[in-house]
């Protein structure tokens, strides 16, 4: 991925005690972040031209995909918030990390560590005919695995498609998840600061909810492989 994105930065952290933390997080919903985005001059009409979002549009286009159809998660979340308010799902920790991602316009994903088929997770190009992907909330054929598409993969299982566009239903958080791997990435230099700020915010919010949170580790073109330690 460094050839496509010389300024790439990929972060990850592990957190445990998520089942108990989810209950606490459910009782402590964050303030509506919509006003924060509005104060930054963002609207449904302008979000696509915001620089860090525009960078994601270019990255999605490099996957051979139409950016207006397959939006990055920061754009998806910001549009949803601006149109209809905060995300509310049956999983409080999903709401939590999506709120953090929206505030910082930085992608974050979370995966059940016990569901990952391999301890290693790679951001790489898809391998048609070898990789398997079952998208959350969509049919398999709606999100094809072509050689241009960047994916997160654990072995041959794709856990997230087109960088951060769609998670897998096989490895996403569930009500029974107790150990989670949280990941996020930046593909341009100006996305680095929002990504690092999002991880700081995420770690603080998870810890405040009672989770035990390990340090965030970051891989880059110069340091392409890192170990994410247990908390």
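The values are calculated or read from the model by the stated rules, or taken from the named source; none is laboratory data. The shown structure was predicted, so the numbers you read here are calculated from the model rather than taken from an experiment. Neighbour counts run over all protein chains shown; Cβ positions are idealised from the backbone, glycine included.
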*Tally the residues that are at pLDDT below 95 and either surrounded by 20 or more Cβ atoms within 10 Å (Cβ to Cβ) or in contact with a helix residue (DSSP H, G or I) (Cβ under 7 Å, 6 or more places away or on another chain) (or both), restricting the search to region 38-86.*
2
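Condition check ((1) crowded, with 21+ Cβ neighbours inside 10 Å; (2) touching a strand residue (DSSP E or B) at 6+ places or on another chain (Cβ under 9 Å)) across all residues:
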site	(1), (2)
168	yes, yes
180	yes, yes
187	yes, yes
208	no, no
212	no, yes
215	no, yes
225	no, yes
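Just name the residue that is surrounded by the fewest Cβ atoms within 10 Å (Cβ to Cβ) out of those in region 105-147 that are on the phi > 0 side of the Ramachandran plot and under 19 Å from the mean Cα position of the chain (by Cα). I'd like the intermediate steps shown before the answer.
First, pick out the residues of region 105-147 that are on the phi > 0 side of the Ramachandran plot: 105, 129, 137.
Checking which are under 19 Å from the mean Cα position of the chain (by Cα) leaves us with 105, 137.
Values: 105: 26, 137: 9.
Looking at residues that are on the phi > 0 side of the Ramachandran plot and under 19 Å from the mean Cα position of the chain (by Cα), I get 137.
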